[in-house]
Amino acid sequence: MSAAAKVYLLAYNGFLVLGWTFVLYRGLLHYASSPSLKEFYNDLYSAVEQPLKVSQTLAVLEILHAMLGLVRSGVMLTFFQVFSRETLLWFVASAGGPKIQSHYGFAMMVLAWTISEIIRYSFYFFNIIHRTPYILTWCRYTFFIVLYPTGVAGELLLIGNMMPIAQETGIFSYRLPNKWNISFDFFTFLCVAVLLYVPVFPQLYGHMLKQRRKIIGGGGNVDKKD
């Protein structure tokens, strides 16, 4: 890795550690000031919206990083991981309105995303300079055991609640006839997305479990693409 690439990646990962930490701070501050869980759920989206959108949207650059060979991640896997999150943020949570934003599934999703991303970007930051504390490696390959299922459950709850909205309003759908002679149905897209969780989640979760056995168990060096 060139010196310029190293400095850029340090800045990128460091900024996103701060970004996601700010999301966590805003969420905790809102929780502390909420008189009830209902109030917490109702206003959580507005409390974390701006730092959440900035931090998550910047993840699009990770596709470019993979394409340019700055990191060892596969381009297609990175694309689908980033695309799924951007869809959930912008086309489900943001576009779904109060029904989606006040659902407890949103809190589950944001909590899982926030903690996992703080750990992940911190891990990448220290890994670049070859100074990764063991506790950070342990967190990286342990917290996912709870955070992955929590995040996925929250995501599926939001998609499930977005489906009737998409079906009733036709939001983001493009109907025939039109000059392009193509159509897109957002409701169908959401249905396919849910079905994709069935084969994809177990595969990714199983891969992380294998990595945990390998790394926490002393089976080798950290695979930098994870």
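Coordinate-derived values only; no laboratory data. All values derive from a computational prediction rather than experimental measurement. Every residue, glycine as well, gets a Cβ built from its backbone with ideal geometry; the counts of neighbours run over all protein chains shown.
Numerical summary
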read-out: Dimensionless Rg over Rh [segment 43-89; C-alpha; Kirkwood]; value: 1.09
read-out: Residues Trp90 and Gln203, FRET efficiency given R0 of 25 Å [Cβ-Cβ distance, rounded to 0.05]; value: 0.50
read-out: Cβ-based exposure ranking for Ser36, Ser73, in which fewest neighbours within 10 Å come first; value: Ser36, Ser73
read-out: Lysine pair count for the chain [Cα-Cα under 16 Å; pairs on different chains or 8 or more apart]; value: 7
read-out: Förster radius 25 Å - calculated FRET efficiency between Leu10 and Lys214 (Cβ-Cβ, nearest 0.05); value: 0.45
read-out: Residues Thr57 and Val192, FRET efficiency given R0 of 22 Å [Cβ-Cβ distance, rounded to 0.05]; value: 0.40
read-out: Stretchable slack from Trp180 to Lys99, in nm (0.36 nm times residue separation minus alpha-carbon distance); value: 25.9 nm
read-out: Top of Val60, Val17, Val198 by mean-square fluctuation, Gaussian network on the chain, Cα under 10 Å; value: Val198
read-out: Rounded Å value of the spacing that divides the Cα centres of segment 111-147 and segment 33-104; value: 18 Å
read-out: Leading residue at positive end of dipole, segment 1-64 (Cβ point charges), from Val54, Asn42, Ala4; value: Ala4
read-out: Whole-number D in µm² s⁻¹ for the chain, Kirkwood Cα-pair radius fed into Stokes-Einstein, 10 °C, 1.306 mPa s; value: 84 µm²/s
read-out: Positive-end extreme of charge dipole, the chain - chosen from Gly14, Leu89, Leu68 (charges on Cβ); value: Leu68
read-out: Taking Thr137, Thr114, Thr57 and counting other C-beta atoms within 10 Å, the order from fewest to most; value: Thr57, Thr137, Thr114
read-out: Whole-number Å³ per residue for the convex hull built on Cα positions in segment 71-165; value: 97 Å³
read-out: Two-site label geometry, Ile145 and Ala32: point separation in nm, points 7 Å out along Cα→Cβ; value: 3.0 nm
read-out: Helix axis angle, 37-57 relative to the chain longest principal axis, alpha carbon, degrees; value: 60 degrees
